[in-house]
Amino acid sequence: MFHFLRELPIVTLRAISDGIEWLLVAIWKPFQRESDEDVRPWYKTAILLPLLIPYLLFRLALGVLAFPFRSFFLPPERRRHYLRGIPAMLVVTGGVIGLVGYLFVHDRIISRYINRARGELVRNDVEKSIEYGRRLVTERSSLNTEGKFLYAVSLAQQGTVEGSLAVLEEIAPDNSTGFMPAHQMRAMEFGRLLSAGEGPREELLPKMLWHLEQSGEARDERMHGLWATYYELMGEKSKAISRLEKAGKTNPAFFVKLSEIYRDDGNESMEQRSLSEAAQGYSDRLRENPLSKNMRIQLALTLARQKKWADAEGVLLNGVQLHRDKETLETLADFYLMRLKEETDSDAIGAEQLDLLLRALRVDVNHFRTYAFLSKLFDDSRSDEELRDLRELLEERLVDGGNAALAHFGLGCWFLMQRSNDQGQWHLKQAMALDPIFVVACNNLAFAYILSEPKRLDESFSLVSTALEFAPESTGTREMLGTVQLERGELDGALETLLRVVSENAGSKGTHAKLARVYRERGEIEDAEKHEALSK
Amino acid sequence: MAGFFVLLISGICAHASLLLSFFKERLGASDGLFVPVAIGVAALLIWLRRKDFFARRIDDVEDSVRYQRVHGSVPGFWVGAILCAGLALMSNLLGSAHLGWITFLVFLGLLVYLSYGKYGYSGAVPVLVLLYFMKPIPDAWEPWVQLGFQWAASRMAGVILDFLSIFYYYEGVVLGLVSQEGLAVGVCNGVRSLVPAVFLAIAWGVGCRYHWFRTFVNVCQMLFWVVLFNALRIALLMWNQDRGGDWMESWLATSIIEYVSLALILFFAWSGDQLFASIVEPASDALPEGVIDSGLRDVDRKPMVAMSAWTVSVGIILFLVGLISVRCIAIYPWQGDLLRDRILSVQLPGEIDGWKITERPNSNDTERPFVFFPEYGSTVRDWTLEREGRVMRLSIAGSCRRYPGMGWFWKWNGWDMGLESYNRMDKSKSASRRYALLELTRLPGEAGAVVGCGIGPQGVSIPNGGIFGVNDNIVEFLGNAINAVIGTATIDAVARQSHGTPVGSVSLYRKSARKLDTDQIEELKKVFDQVLDRIDANPIDATAKSAPSPNG
């Protein structure tokens, strides 16, 4: 019984096989030659061919299926060999099945990488996105082009522009159709180069046109904007205006750009009309989302362009009331500086200029931009009389309760620039006494301590640390902390601090120069060189 | 009998220095413990097959007195003698230890044939072939073979990691995890157990007297298992790294994993062999019918080589051939220390042709630009050259004993080199200089070029060696070697002998997002020329320090 059961599967399969063979013979037999004189027509042979291949495949499958059972039909010695060979057979079979399955799921695996890369880009983790991209660009897959595009975007965000462009050139070549989003990016790059005047126009314009055409129908404001840039460069202003008007309906920023075109043409009425359109657009969006900082800032800047200073100031002050954050305060300070440039002779020293500057200084947490204006006031090229007038203006405001701290701060900076470190320190201390959370004054006093002989690094460190507690969002103060740490020889601390500053304020060349110094002192020459290049 | 020992000893003398060099290099390798094991296995197999040596046809009366006749009148004797002497001479002149090992095995085979006839020969040949597999791949090819196997193992490991949903990327044959910083260089630095596994597969076949085809199949499937289990090892270690575990990174854990991998490789190879045997009726190389090994007289067990004038003369010739190597060693002392001193003494100015030069001490850069790959623990110095935002890297390293061909190092890290650039050798303005230029591409947006050459202790520029560590231009090299023997040697003559002077590597590398254009390449070569000028400026006198010793 056991023997029968053991043989049942193979016997059954053999029976089926024999049955099919009988069938084929039955079909073939009428076509067999009865004698040598018979000529078999070719079509009678050909008719069997479609049956032949399935039959062979069937016998092959039969052999494979019967293989596991063949041990029962082997002599004892070879049966032992066969059983010992089962582990290897199982592993190889499993491996083959796994590899075949891998081919089917490969695209799904690649799409996981693409999703991860996209996610990391959204989270601003560019390095991780690049690492996902490194796998994507080496894989052969139908999704390979999309992977390369993401890799290019990651490289661009990392700052490796040349590498990004090289990848884009591969997937969006200059002479054949490639990946549409990549064509868009290349068109943007050419637009940027042309706008910045880098590169020969006669060479770049046709390429920009090619990539614009390969980017497909312009469906969003970005593409309309690119076309507008192209037409503007080609001198076809009417087409540029038309495109900008289409784009402006979705993004009011394009109306602002349109106003610049009208301004260059001297068409003041159209310029104002465009600015009004932009302001209306921003206003509508702000009404829909009152907490949108970007819309508020853009609206204020547009009103400022229209010289509606009071309206613009009102918009920004409302924003400050809603959320008193770094970006809004910086924008308000920029507004005052813009007024200073637009409304007054900013090179002159007068009460009006000083008032605007002090207003800017009051709100500017990051003192760099305002400080640059302040420094201009104390420029060495000024005559002694001008400097005396400035000092008097500042001293007048010493008795003004609202501006006393600022005036002391101004005088403190003035004395530091005059190399009178002790007097500068005194005024800065007075400023801090009047306004204990005068972060910028803390900063400058800390710097004064570094410049003093001997260096008072401990006090400087204490001051900056306190200032940072009051204004943790102040990148200028954080950078000062990094400077103090560097002076104290605390390289690890300085590195951590300055890297954070760079991540928040990537464009600061001074910070890169300090980072380069830190890396060089740590012996990490490659990183030092990288930051030295960025500091130039 | 005496004649046998005369020939044996003279044959050993003919290859002495090369054998010393060979075993020293093998024992000093990372799998050096394998060598005594391999010798022991071979000796055991000879013992197990000893009856082959004594096999006689019962009706072959001539053979019973054959040993009395074996001397110069036997036609095969002179053919064999000329062949052995010629091969030994060639190996000694070329100075290749690996070639010397091969010719020594050939010599042993011929000696066995002379001494024990065809049955002894057929009994010994499998073991001699097995001994060859102690080092089957020449030095110049071994890194490339490792590259191929590592590539396969890395790709297979990648498939496993994909099934485990672990995210990774490739840089050549090295894997890196997205979740961790850096590449898994230590994990992907070569396929383990390749040579020992193949050796054991052949040894098993020889010991069990398998037919050669079955042994060949076993070797093939062994290679598959080696790749598979190395892939599993890599996947396991990377899975552990991804989880943040570090216990598998200890020396003990990695050793255990490697031995377990080897055991599994051997088990599955055996299983595969059994499966093969169940499908194909296995044949064997057992003694043919009609051959008996009983009833032998004592005299029949002795090697059939008589002491005669012919054997003595052949012995003397072989002995003289061996002296060539010894003389070479005496003339060309070990200069490894000189090379190290040369490298350490290199002083570059702060600026060359507008390029600011800065040395980078203790640089741990994984992308050091080597044209020839230095030995582990070599002296390495790195500099950075910078000008107007452009950066180049210079590395000087020594010593390089093996010349796997330029670009192997780059290929390992995923760089592609155009065939044209790989073979390109440019002459600088100085006729004695030849260097190599490799134009590199990797991922989209990654390209570069590296130019390099070799240096000896006196700063001479030297091209790479060939397959067995021998100059590609054999005629030129043989001429120099013969000059060396007859006393008109120059330092250049021995530079590429594997038992002589090591060679250092000087390489200058520039990375770019796009393929470098002609102007950039010319700039690279021009700066490299000037760097070589500075290096050549102060050569060390080789005769001041010399200590004869083979292969350092």
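Taking one quarter of the surface of the C-alpha convex hull of segment B:142-279 gives a mean projected area of 9.0 nm². Rounded to the nearest 0.05, the FRET efficiency derived from the C-beta distance between B:Leu27 and A:Ala513 at R0 = 51 Å is 0.40.
The simple spin-label model puts a point 7 Å past each Cα toward its Cβ; for B:Glu181 and A:Arg520 those points are separated by 2.3 nm. Relative contact order for segment B:142-279: 26 percent, from Cα pairs under 8 Å spaced at least 6 residues apart, divided by residue count.
Computed 3J(HN,Hα) for segment B:311-323, one whole-Hz value per residue from the Karplus formula 6.51 cos²θ - 1.76 cosθ + 1.60 where θ = phi - 60°, is 5, 5, 5, 4, x, 5, 4, 5, 4, 5, 4, x, 5, glycine and proline marked x.
Among the listed pairs A:Lys207/A:Lys239; A:Lys326/A:Lys429; A:Lys148/B:Lys411; A:Lys128/A:Lys207; A:Lys257/B:Lys515, those whose Cα-Cα separation exceeds 27 Å are A:Lys128/A:Lys207; A:Lys257/B:Lys515.
The mean count of C-beta atoms from other chains within 10 Å of the C-beta of residues in A:77-89, rounded to a whole number, is 6. Using the Cβ-Cβ distance between A:Ala351 and A:Gln272 with R0 set to 35 Å, the FRET efficiency works out to roughly 0.70.
Modelled spin labels at B:Val79 and B:Ala43, positioned 7 Å past Cα toward Cβ, are 3.4 nm from each other. Amide H to amide H distances under 5 Å link B:Thr379 with B:Gly398, B:Ser399, where only residues 5 or more positions off or on other chains count and H is placed in the peptide plane.
Cα gyration tensor of segment A:412-536, axes a ≥ b ≥ c as square roots of the eigenvalues: rounded (a/c below 1.5), prolate (a/b > b/c) or oblate? It comes out prolate by the Cα gyration axes. The distance separating the Cα centre of segment A:307-345 from that of segment B:122-201 comes to 66 Å. At full extension, A:Asp422 and A:Thr93 could sit 109.9 nm farther apart than now, given 0.36 nm per residue minus the alpha carbon distance.
Sequence-ordered 3J(HN,Hα) estimates for segment B:218-227 from the Karplus curve with 6.51, -1.76 and 1.60 and θ = phi - 60° stand at 4, 5, 4, 6, 4, 4, 4, 5, 4, 5 Hz, glycine and proline given as x.
Percent of C-alpha pairs per 10 Å bin in segment A:266-354, short distances first: 17, 44, 29, 10, 0.
Projected label points at A:Asn144 and A:Thr250, each 7 Å from Cα along the beta carbon direction, are separated by 3.2 nanometres.
Take the Cβ atoms of A:Arg108 and A:Asn294, set R0 to 30 Å, and the FRET efficiency comes out at 0.20.
Taken together, the values in this text are just the output of simple stated rules run on the coordinates, not laboratory data. In this text the structure is predicted, and so the values were computed from the model without any measurement. Quick reminder, even Gly has a Cβ in these numbers, built from the backbone with ideal geometry, and neighbours come from all protein chains shown.
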